[in-house]
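Input: a single structure, listed below in C-alpha coordinates.
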Amino acid sequence: MRFRLAAHYPYLIAGGLLVAAIGVAQAPAHAADAGFVAKIANFAFAPPTITVHAGGAVTWTNADDDPHTVYADNGAFKSQALDTGDSFTQTFANPGVYSYHCSLHPYMVGKVVVQR
Amino acid sequence: MADRPLLTPVEDGLIGRRGMLKCMAWAGTGVLWTVSGGVASSVLASEASAAATAAFSFVQISDTHVGFNKAANPDPIATLHEAIAQVKALPQQPAFVLHTGDISHLSKPEQFDTADQILKDLGVPVFHVPGEHDTLDEGNGKVYLDRYGAMTKAKGTGWYSFDHGGVHFIALVNVVGLKGGGSGSLGPEQVQWLADDVANLRSSTPIVVFAHMPLWDVYTPWGWGTSDAPAAFEHLKRFGSVTVLNGHIHQVTQKVEGNVAFHTGRSTAYPQPAPGAAASPGPLTVPAGELHSVLGVRDIRVVRGQHDLAITDQTLAASA
(Lines give C-alpha, C1' and ligand atoms only; values in the text may rest on other atoms or scores of the structure.)
Protein backbone atom coordinates (compact mmCIF):
# COMPACT_ATOMS: atom_id res chain seq x y z
CA MET A 1 0.00 0.00 0.00
CA ARG A 2 3.00 2.28 0.48
CA PHE A 3 3.40 2.26 -3.29
CA ARG A 4 -0.15 3.54 -3.83
CA LEU A 5 0.04 6.32 -1.27
CA ALA A 6 3.25 7.57 -2.83
CA ALA A 7 1.71 7.42 -6.29
CA HIS A 8 -1.25 9.53 -5.26
CA TYR A 9 0.49 12.11 -3.13
CA PRO A 10 0.39 14.75 -5.91
CA TYR A 11 -3.35 14.15 -6.31
CA LEU A 12 -3.88 14.70 -2.60
CA ILE A 13 -2.32 18.12 -2.84
CA ALA A 14 -4.11 19.05 -6.05
CA GLY A 15 -7.42 17.81 -4.67
CA GLY A 16 -6.99 19.79 -1.49
CA LEU A 17 -6.34 23.04 -3.38
CA LEU A 18 -9.33 22.44 -5.65
CA VAL A 19 -11.62 21.78 -2.70
CA ALA A 20 -10.42 24.94 -0.99
CA ALA A 21 -11.18 26.99 -4.10
CA ILE A 22 -14.68 25.52 -4.46
CA GLY A 23 -15.36 26.07 -0.76
CA VAL A 24 -14.71 29.79 -1.09
CA ALA A 25 -16.36 30.41 -4.44
CA GLN A 26 -19.54 28.32 -4.30
CA ALA A 27 -22.71 28.07 -2.28
CA PRO A 28 -23.70 24.52 -1.21
CA ALA A 29 -24.49 22.45 -4.27
CA HIS A 30 -28.05 21.44 -5.08
CA ALA A 31 -28.89 17.75 -5.28
CA ALA A 32 -29.15 17.94 -9.05
CA ASP A 33 -25.69 19.49 -9.43
CA ALA A 34 -22.78 17.40 -10.54
CA GLY A 35 -20.86 18.94 -7.63
CA PHE A 36 -17.24 17.95 -7.23
CA VAL A 37 -15.86 16.49 -10.46
CA ALA A 38 -13.77 13.40 -9.82
CA LYS A 39 -12.37 10.90 -12.24
CA ILE A 40 -11.47 7.25 -12.36
CA ALA A 41 -8.33 6.71 -14.41
CA ASN A 42 -5.53 4.15 -14.50
CA PHE A 43 -7.41 2.05 -11.94
CA ALA A 44 -7.42 4.83 -9.32
CA PHE A 45 -9.91 7.31 -7.92
CA ALA A 46 -8.62 10.84 -8.46
CA PRO A 47 -8.33 12.62 -6.21
CA PRO A 48 -8.39 9.84 -3.60
CA THR A 49 -9.73 12.19 -0.93
CA ILE A 50 -12.56 14.59 -1.78
CA THR A 51 -13.97 17.20 0.63
CA VAL A 52 -17.46 18.67 0.17
CA HIS A 53 -19.99 20.47 2.35
CA ALA A 54 -23.11 18.71 3.62
CA GLY A 55 -25.67 18.66 0.81
CA GLY A 56 -22.89 18.65 -1.79
CA ALA A 57 -22.44 16.10 -4.51
CA VAL A 58 -19.58 14.26 -6.16
CA THR A 59 -19.60 13.00 -9.75
CA TRP A 60 -17.16 10.31 -10.82
CA THR A 61 -16.50 9.64 -14.52
CA ASN A 62 -14.68 6.52 -15.68
CA ALA A 63 -11.87 7.22 -18.15
CA ASP A 64 -10.56 3.63 -18.22
CA ASP A 65 -11.17 0.91 -20.82
CA ASP A 66 -12.32 -1.35 -17.98
CA PRO A 67 -15.53 -0.91 -15.97
CA HIS A 68 -15.39 0.27 -12.36
CA THR A 69 -17.87 0.91 -9.57
CA VAL A 70 -18.08 3.44 -6.73
CA TYR A 71 -19.08 1.28 -3.78
CA ALA A 72 -19.38 2.57 -0.19
CA ASP A 73 -17.48 0.35 2.26
CA ASN A 74 -20.56 0.32 4.51
CA GLY A 75 -22.95 -0.25 1.61
CA ALA A 76 -24.59 3.18 2.02
CA PHE A 77 -24.31 3.90 -1.70
CA LYS A 78 -23.18 2.11 -4.83
CA SER A 79 -23.02 2.89 -8.50
CA GLN A 80 -23.87 0.53 -11.28
CA ALA A 81 -20.92 -0.74 -13.32
CA LEU A 82 -19.49 2.35 -15.03
CA ASP A 83 -18.22 1.55 -18.49
CA THR A 84 -15.86 3.90 -20.31
CA GLY A 85 -17.26 7.45 -20.18
CA ASP A 86 -20.09 6.61 -17.76
CA SER A 87 -20.67 8.84 -14.72
CA PHE A 88 -22.15 8.43 -11.26
CA THR A 89 -23.32 11.25 -8.97
CA GLN A 90 -23.83 10.86 -5.24
CA THR A 91 -25.17 13.60 -2.93
CA PHE A 92 -23.94 13.68 0.66
CA ALA A 93 -26.60 15.06 3.03
CA ASN A 94 -24.81 14.46 6.33
CA PRO A 95 -21.33 15.29 7.62
CA GLY A 96 -18.92 12.40 8.01
CA VAL A 97 -16.20 10.40 6.31
CA TYR A 98 -17.41 8.05 3.58
CA SER A 99 -14.88 5.42 2.49
CA TYR A 100 -15.50 3.66 -0.78
CA HIS A 101 -13.86 1.26 -3.20
CA CYS A 102 -14.36 -0.33 -6.62
CA SER A 103 -16.18 -3.64 -6.18
CA LEU A 104 -14.40 -5.12 -9.22
CA HIS A 105 -10.92 -3.99 -8.17
CA PRO A 106 -11.18 -3.51 -4.41
CA TYR A 107 -7.60 -2.30 -4.09
CA MET A 108 -8.93 0.92 -5.66
CA VAL A 109 -10.06 3.01 -2.68
CA GLY A 110 -11.07 6.60 -1.94
CA LYS A 111 -12.95 8.67 0.58
CA VAL A 112 -15.31 11.62 0.68
CA VAL A 113 -15.04 13.95 3.68
CA VAL A 114 -18.33 15.79 4.19
CA GLN A 115 -18.05 18.95 6.31
CA ARG A 116 -20.82 21.02 7.87
CA MET B 1 -7.00 -36.44 -36.14
CA ALA B 2 -9.74 -36.34 -33.56
CA ASP B 3 -9.47 -39.93 -32.32
CA ARG B 4 -5.71 -40.28 -32.57
CA PRO B 5 -3.33 -39.89 -29.65
CA LEU B 6 -1.00 -36.94 -30.06
CA LEU B 7 2.15 -37.95 -31.90
CA THR B 8 5.04 -35.91 -33.14
CA PRO B 9 5.04 -35.29 -36.89
CA VAL B 10 8.03 -37.58 -37.36
CA GLU B 11 6.39 -40.54 -35.65
CA ASP B 12 3.03 -40.12 -37.29
CA GLY B 13 3.62 -40.78 -40.95
CA LEU B 14 -0.06 -40.74 -41.79
CA ILE B 15 -0.96 -37.14 -41.18
CA GLY B 16 -1.26 -34.79 -44.10
CA ARG B 17 0.88 -31.73 -44.68
CA ARG B 18 -1.72 -29.43 -43.18
CA GLY B 19 -2.05 -31.56 -40.08
CA MET B 20 1.71 -31.78 -39.81
CA LEU B 21 2.10 -28.03 -39.92
CA LYS B 22 -0.55 -27.71 -37.27
CA CYS B 23 1.22 -30.21 -35.03
CA MET B 24 4.54 -28.46 -35.53
CA ALA B 25 3.06 -25.12 -34.66
CA TRP B 26 1.44 -26.67 -31.62
CA ALA B 27 4.65 -28.34 -30.47
CA GLY B 28 6.66 -25.23 -31.15
CA THR B 29 4.59 -23.01 -28.90
CA GLY B 30 3.47 -25.47 -26.26
CA VAL B 31 5.42 -26.14 -23.12
CA LEU B 32 4.26 -29.23 -21.33
CA TRP B 33 4.20 -29.15 -17.57
CA THR B 34 4.40 -32.42 -15.74
CA VAL B 35 3.56 -32.16 -12.09
CA SER B 36 4.44 -35.10 -9.89
CA GLY B 37 4.91 -35.09 -6.16
CA GLY B 38 5.25 -31.33 -6.08
CA VAL B 39 8.17 -31.20 -8.51
CA ALA B 40 7.37 -29.52 -11.79
CA SER B 41 9.49 -29.90 -14.85
CA SER B 42 8.93 -28.61 -18.32
CA VAL B 43 9.87 -30.29 -21.55
CA LEU B 44 8.95 -29.54 -25.11
CA ALA B 45 5.57 -30.99 -25.88
CA SER B 46 6.94 -32.81 -28.91
CA GLU B 47 9.39 -34.80 -26.77
CA ALA B 48 6.92 -36.00 -24.22
CA SER B 49 3.70 -36.39 -26.12
CA ALA B 50 4.38 -39.80 -27.62
CA ALA B 51 4.89 -41.46 -24.26
CA ALA B 52 1.77 -40.14 -22.61
CA THR B 53 -1.57 -41.76 -23.21
CA ALA B 54 -4.12 -39.72 -21.36
CA ALA B 55 -7.07 -41.31 -19.69
CA PHE B 56 -8.95 -38.12 -20.42
CA SER B 57 -8.31 -34.48 -21.06
CA PHE B 58 -10.09 -31.25 -20.36
CA VAL B 59 -9.65 -27.68 -21.51
CA GLN B 60 -9.50 -24.37 -19.68
CA ILE B 61 -10.99 -21.30 -21.36
CA SER B 62 -10.98 -17.98 -19.57
CA ASP B 63 -11.92 -14.31 -19.69
CA THR B 64 -14.03 -14.36 -22.82
CA HIS B 65 -15.36 -10.87 -21.92
CA VAL B 66 -18.27 -10.96 -24.35
CA GLY B 67 -19.38 -7.33 -24.69
CA PHE B 68 -15.89 -5.81 -24.63
CA ASN B 69 -15.31 -3.57 -27.67
CA LYS B 70 -12.27 -1.37 -26.97
CA ALA B 71 -9.01 -0.97 -28.86
CA ALA B 72 -7.31 -3.94 -27.18
CA ASN B 73 -9.69 -6.20 -29.16
CA PRO B 74 -12.72 -4.70 -30.94
CA ASP B 75 -14.11 -8.18 -31.67
CA PRO B 76 -13.67 -10.68 -28.81
CA ILE B 77 -16.51 -12.77 -30.25
CA ALA B 78 -14.37 -13.51 -33.29
CA THR B 79 -11.40 -14.57 -31.15
CA LEU B 80 -13.69 -16.73 -29.01
CA HIS B 81 -14.87 -18.51 -32.15
CA GLU B 82 -11.22 -19.06 -33.08
CA ALA B 83 -10.43 -20.42 -29.62
CA ILE B 84 -13.29 -22.90 -29.89
CA ALA B 85 -12.19 -23.99 -33.35
CA GLN B 86 -8.75 -24.61 -31.89
CA VAL B 87 -10.18 -26.75 -29.10
CA LYS B 88 -12.22 -28.75 -31.59
CA ALA B 89 -9.04 -29.38 -33.60
CA LEU B 90 -7.19 -30.88 -30.63
CA PRO B 91 -5.99 -34.42 -31.34
CA GLN B 92 -7.69 -35.65 -28.19
CA GLN B 93 -11.09 -34.12 -27.55
CA PRO B 94 -11.70 -32.85 -24.00
CA ALA B 95 -14.26 -34.51 -21.76
CA PHE B 96 -15.40 -31.02 -20.72
CA VAL B 97 -14.31 -27.41 -20.54
CA LEU B 98 -13.64 -25.31 -17.45
CA HIS B 99 -14.39 -21.60 -17.96
CA THR B 100 -12.52 -19.68 -15.28
CA GLY B 101 -14.70 -16.58 -15.32
CA ASP B 102 -15.39 -13.21 -16.89
CA ILE B 103 -17.72 -14.87 -19.36
CA SER B 104 -19.29 -11.45 -19.95
CA HIS B 105 -17.86 -7.96 -19.75
CA LEU B 106 -20.77 -6.28 -17.94
CA SER B 107 -23.03 -9.12 -16.68
CA LYS B 108 -25.72 -8.27 -19.22
CA PRO B 109 -28.16 -11.10 -20.07
CA GLU B 110 -27.51 -10.69 -23.79
CA GLN B 111 -23.76 -11.04 -23.19
CA PHE B 112 -24.29 -14.31 -21.29
CA ASP B 113 -26.69 -15.43 -24.05
CA THR B 114 -24.09 -14.80 -26.75
CA ALA B 115 -21.33 -16.54 -24.80
CA ASP B 116 -23.53 -19.58 -24.09
CA GLN B 117 -24.53 -19.80 -27.73
CA ILE B 118 -20.91 -19.78 -28.90
CA LEU B 119 -19.64 -22.15 -26.18
CA LYS B 120 -22.33 -24.63 -27.19
CA ASP B 121 -20.27 -25.25 -30.35
CA LEU B 122 -17.76 -27.12 -28.19
CA GLY B 123 -20.23 -29.98 -27.91
CA VAL B 124 -19.06 -30.84 -24.38
CA PRO B 125 -20.24 -29.62 -20.95
CA VAL B 126 -18.84 -26.28 -19.78
CA PHE B 127 -18.28 -25.80 -16.05
CA HIS B 128 -18.27 -22.17 -14.92
CA VAL B 129 -17.04 -20.04 -12.05
CA PRO B 130 -17.92 -16.33 -12.01
CA GLY B 131 -15.48 -13.51 -12.56
CA GLU B 132 -16.02 -10.04 -11.11
CA HIS B 133 -17.38 -8.97 -14.51
CA ASP B 134 -20.11 -11.63 -14.17
CA THR B 135 -21.47 -10.38 -10.84
CA LEU B 136 -22.22 -6.73 -11.68
CA ASP B 137 -25.99 -7.10 -11.54
CA GLU B 138 -28.12 -5.53 -8.83
CA GLY B 139 -28.11 -8.85 -6.95
CA ASN B 140 -24.28 -9.14 -6.90
CA GLY B 141 -24.22 -12.33 -8.92
CA LYS B 142 -27.83 -13.50 -8.79
CA VAL B 143 -28.09 -13.35 -12.59
CA TYR B 144 -25.02 -15.59 -12.89
CA LEU B 145 -26.28 -18.03 -10.26
CA ASP B 146 -29.77 -18.25 -11.79
CA ARG B 147 -28.20 -19.12 -15.12
CA TYR B 148 -25.36 -21.49 -14.17
CA GLY B 149 -26.01 -22.64 -10.59
CA ALA B 150 -28.53 -25.42 -11.24
CA MET B 151 -26.30 -27.57 -13.48
CA THR B 152 -23.77 -28.06 -10.68
CA LYS B 153 -26.08 -27.71 -7.66
CA ALA B 154 -23.89 -24.77 -6.67
CA LYS B 155 -23.77 -23.59 -3.05
CA GLY B 156 -23.48 -20.05 -1.70
CA THR B 157 -22.35 -17.62 -4.41
CA GLY B 158 -21.66 -20.48 -6.83
CA TRP B 159 -19.09 -22.94 -5.45
CA TYR B 160 -19.34 -26.70 -6.08
CA SER B 161 -17.32 -29.83 -6.75
CA PHE B 162 -17.54 -32.89 -8.99
CA ASP B 163 -15.52 -36.01 -9.83
CA HIS B 164 -14.30 -37.22 -13.19
CA GLY B 165 -11.96 -40.10 -13.97
CA GLY B 166 -10.70 -40.32 -10.40
CA VAL B 167 -9.90 -36.59 -10.19
CA HIS B 168 -11.78 -34.33 -7.76
CA PHE B 169 -12.62 -30.93 -9.26
CA ILE B 170 -13.40 -27.99 -6.94
CA ALA B 171 -14.93 -24.75 -8.25
CA LEU B 172 -14.38 -21.76 -5.96
CA VAL B 173 -15.78 -18.21 -6.06
CA ASN B 174 -13.37 -15.45 -5.00
CA VAL B 175 -14.96 -12.39 -6.64
CA VAL B 176 -18.05 -11.66 -4.52
CA GLY B 177 -18.33 -9.41 -1.47
CA LEU B 178 -14.81 -8.01 -1.80
CA LYS B 179 -13.72 -5.56 0.87
CA GLY B 180 -12.19 -2.16 0.12
CA GLY B 181 -8.39 -2.24 0.11
CA GLY B 182 -8.21 -5.98 -0.42
CA SER B 183 -7.97 -8.54 -3.20
CA GLY B 184 -10.00 -11.65 -3.99
CA SER B 185 -11.83 -13.34 -1.13
CA LEU B 186 -13.44 -16.74 -0.48
CA GLY B 187 -15.10 -16.02 2.86
CA PRO B 188 -15.32 -18.32 5.91
CA GLU B 189 -18.49 -20.10 4.74
CA GLN B 190 -16.84 -21.28 1.52
CA VAL B 191 -13.60 -22.28 3.28
CA GLN B 192 -15.63 -24.40 5.72
CA TRP B 193 -17.52 -25.97 2.81
CA LEU B 194 -14.17 -26.84 1.21
CA ALA B 195 -12.98 -28.49 4.42
CA ASP B 196 -16.13 -30.63 4.51
CA ASP B 197 -15.99 -31.36 0.78
CA VAL B 198 -12.53 -32.96 0.91
CA ALA B 199 -12.81 -34.50 4.38
CA ASN B 200 -13.57 -38.02 3.14
CA LEU B 201 -11.22 -38.07 0.14
CA ARG B 202 -8.07 -40.21 0.15
CA SER B 203 -4.89 -38.14 0.15
CA SER B 204 -3.87 -39.82 -3.11
CA THR B 205 -6.85 -38.32 -4.96
CA PRO B 206 -5.65 -35.78 -7.54
CA ILE B 207 -7.30 -32.41 -6.90
CA VAL B 208 -8.01 -29.68 -9.44
CA VAL B 209 -9.12 -26.35 -7.99
CA PHE B 210 -10.41 -23.67 -10.35
CA ALA B 211 -11.43 -20.08 -9.64
CA HIS B 212 -11.34 -16.74 -11.38
CA MET B 213 -8.81 -14.66 -9.46
CA PRO B 214 -5.37 -16.06 -8.65
CA LEU B 215 -5.34 -18.12 -5.46
CA TRP B 216 -1.84 -16.93 -4.61
CA ASP B 217 -0.33 -13.46 -4.46
CA VAL B 218 0.76 -12.76 -8.02
CA TYR B 219 0.98 -8.97 -7.56
CA THR B 220 -0.54 -7.30 -4.52
CA PRO B 221 -0.45 -3.66 -5.78
CA TRP B 222 -2.97 -4.72 -8.47
CA GLY B 223 -5.00 -6.94 -6.16
CA TRP B 224 -3.92 -10.07 -8.05
CA GLY B 225 -4.43 -12.56 -5.26
CA THR B 226 -6.94 -13.98 -2.77
CA SER B 227 -6.54 -12.80 0.80
CA ASP B 228 -7.88 -15.91 2.54
CA ALA B 229 -6.51 -18.51 0.11
CA PRO B 230 -4.01 -19.78 2.75
CA ALA B 231 -6.96 -20.80 4.97
CA ALA B 232 -8.37 -22.83 2.06
CA PHE B 233 -5.07 -24.54 1.23
CA GLU B 234 -4.70 -25.68 4.83
CA HIS B 235 -7.39 -28.22 3.97
CA LEU B 236 -5.57 -29.38 0.82
CA LYS B 237 -2.02 -29.77 2.10
CA ARG B 238 -2.39 -33.51 2.82
CA PHE B 239 -3.09 -34.22 -0.86
CA GLY B 240 -0.23 -35.38 -3.06
CA SER B 241 -1.32 -33.58 -6.22
CA VAL B 242 -3.18 -30.26 -6.24
CA THR B 243 -3.45 -28.26 -9.47
CA VAL B 244 -4.90 -24.75 -9.33
CA LEU B 245 -6.23 -23.08 -12.47
CA ASN B 246 -7.42 -19.49 -12.72
CA GLY B 247 -7.81 -16.57 -15.08
CA HIS B 248 -8.31 -12.86 -14.32
CA ILE B 249 -4.83 -11.61 -15.24
CA HIS B 250 -5.00 -12.60 -18.94
CA GLN B 251 -1.51 -14.11 -19.05
CA VAL B 252 0.29 -17.32 -18.17
CA THR B 253 2.19 -17.55 -14.91
CA GLN B 254 3.09 -20.58 -12.80
CA LYS B 255 4.22 -21.29 -9.30
CA VAL B 256 4.78 -24.50 -7.36
CA GLU B 257 4.51 -24.56 -3.61
CA GLY B 258 4.84 -27.95 -1.93
CA ASN B 259 2.36 -30.25 -3.65
CA VAL B 260 0.36 -27.39 -5.12
CA ALA B 261 0.93 -26.15 -8.67
CA PHE B 262 -0.66 -22.80 -9.53
CA HIS B 263 -1.38 -21.78 -13.13
CA THR B 264 -3.00 -18.62 -14.48
CA GLY B 265 -4.31 -18.83 -18.03
CA ARG B 266 -4.68 -16.60 -21.06
CA SER B 267 -7.85 -14.77 -22.07
CA THR B 268 -9.58 -15.30 -25.39
CA ALA B 269 -10.40 -11.57 -25.52
CA TYR B 270 -7.47 -9.27 -24.72
CA PRO B 271 -4.13 -9.29 -22.89
CA GLN B 272 -3.15 -7.41 -19.73
CA PRO B 273 0.30 -6.11 -18.84
CA ALA B 274 2.84 -8.10 -16.85
CA PRO B 275 2.80 -7.19 -13.15
CA GLY B 276 3.92 -3.60 -12.71
CA ALA B 277 4.77 -3.20 -16.40
CA ALA B 278 2.17 -0.47 -16.96
CA ALA B 279 0.44 2.30 -15.00
CA SER B 280 -2.55 0.02 -14.45
CA PRO B 281 -3.67 -3.56 -15.16
CA GLY B 282 -6.17 -2.33 -17.78
CA PRO B 283 -6.62 -3.92 -21.23
CA LEU B 284 -3.32 -3.91 -23.13
CA THR B 285 -3.31 -2.93 -26.80
CA VAL B 286 -0.56 -4.83 -28.61
CA PRO B 287 0.81 -3.97 -32.08
CA ALA B 288 -1.36 -5.02 -35.01
CA GLY B 289 -0.82 -8.66 -35.91
CA GLU B 290 0.32 -9.68 -32.44
CA LEU B 291 -3.04 -10.15 -30.74
CA HIS B 292 -3.32 -13.86 -31.52
CA SER B 293 0.02 -14.58 -29.91
CA VAL B 294 -1.19 -13.28 -26.52
CA LEU B 295 -4.62 -14.98 -26.47
CA GLY B 296 -5.15 -18.69 -26.02
CA VAL B 297 -6.58 -21.78 -24.40
CA ARG B 298 -5.14 -24.51 -22.18
CA ASP B 299 -5.25 -28.27 -22.71
CA ILE B 300 -4.89 -30.49 -19.63
CA ARG B 301 -4.37 -34.23 -19.92
CA VAL B 302 -4.79 -36.59 -17.02
CA VAL B 303 -2.37 -39.49 -17.27
CA ARG B 304 -3.81 -42.78 -16.09
CA GLY B 305 -2.12 -44.34 -13.09
CA GLN B 306 0.28 -41.48 -12.51
CA HIS B 307 -1.72 -38.63 -10.97
CA ASP B 308 0.10 -36.36 -13.36
CA LEU B 309 -1.55 -33.53 -15.18
CA ALA B 310 0.10 -32.56 -18.43
CA ILE B 311 -0.67 -28.92 -19.10
CA THR B 312 -0.18 -27.29 -22.46
CA ASP B 313 -0.78 -23.60 -23.06
CA GLN B 314 -1.58 -22.88 -26.66
CA THR B 315 -1.91 -19.43 -28.21
CA LEU B 316 -4.43 -18.61 -30.91
CA ALA B 317 -1.45 -17.95 -33.19
CA ALA B 318 -0.68 -21.68 -33.12
CA SER B 319 -3.63 -22.45 -35.39
CA ALA B 320 -3.48 -19.32 -37.53
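Restricting to segment B:223-265, name every residue that is among the β-branched types (Val, Ile, Thr) and in a loop (DSSP other than H, G, I, E, B). Scanning segment B:223-265 gives B:Ile249, B:Val252.
Only one of the numbered conditions (1) touching a Gly at 6+ places or on another chain (Cβ under 8 Å); (2) of a type outside the set (D, E, K, R); (3) modelled with pLDDT of 95 or more is violated by B:Ala274, and that is (1). Name the pairs: first residue in segment B:117-132 and at positive phi, second residue not polar (S, T, N, Q), Cβ to Cβ under 9 Å, at least 6 apart or on different chains? What qualifies is B:Gly123/B:Lys88. Can you confirm whether B:Ala274 is buried (at least 23 other Cβ atoms within 10 Å of the Cβ) and of a type in the set (A, V, I, L, M)? Here the answer is no, as B:Ala274 does not meet what is asked. When B:Asp113 is tested against (1) closer than 21 Å to A:Leu104 by Cα; (2) acidic (Asp, Glu); (3) away from chain A (no Cβ under 14 Å), just one condition goes unmet, and that condition is (1).
The single condition among (1) touching a helix residue (DSSP H, G or I) at 6+ places or on another chain (Cβ under 9 Å); (2) in contact (Cβ under 8 Å) with a residue 24 or more places away in the chain that B:Thr152 does not satisfy is (1). Among the residues of segment B:91-114, those identified as buried (at least 19 other Cβ atoms within 10 Å of the Cβ) and under 23 Å from B:His164 (Cβ atoms) are B:Pro91, B:Pro94, B:Val97, B:Leu98, B:His99, B:Thr100, B:Gly101, B:Ile103. Scanning segment B:104-116 for residues that are part of a loop (DSSP other than H, G, I, E, B) and either more than 18 Å from B:Tyr270 (Cα to Cα) or free of Cβ contacts under 8 Å to residues at least 24 places away in the same chain (or both) gives a single hit, B:Lys108. Selection of segment B:62-90 for residues being surrounded by fewer than 17 Cβ atoms within 10 Å (Cβ to Cβ) and in a loop (DSSP other than H, G, I, E, B) yields B:Asn69, B:Ala71, B:Pro74, B:Asp75, B:Ala89.
What strands (runs of 3 or more DSSP E) completely inside segment A:28-116 contain at least 2 residues that are touching a strand residue (DSSP E or B) at 6+ places or on another chain (Cβ under 6 Å), within 11 Å of chain B (Cβ to nearest Cβ) and not basic (Lys, Arg)? Hits in segment A:28-116: A:96-101, A:109-115. I need the full set of residues from segment B:207-232 which are closer than 17 Å to B:Ser62 by Cβ and more than 13 Å from chain A (Cβ to nearest Cβ), in order please. Listed by number, the residues that qualify are B:Val208, B:Val209, B:Phe210, B:Ala211, B:Pro214, B:Leu215, B:Trp216.
The values are calculated or read from the model by the stated rules, or taken from the named source; none is laboratory data. Note that the structure is predicted; figures quoted are calculated from it, not measured. Ideal geometry is used to build each Cβ from the backbone, glycine not excepted, and the neighbour counts take in all protein chains shown.
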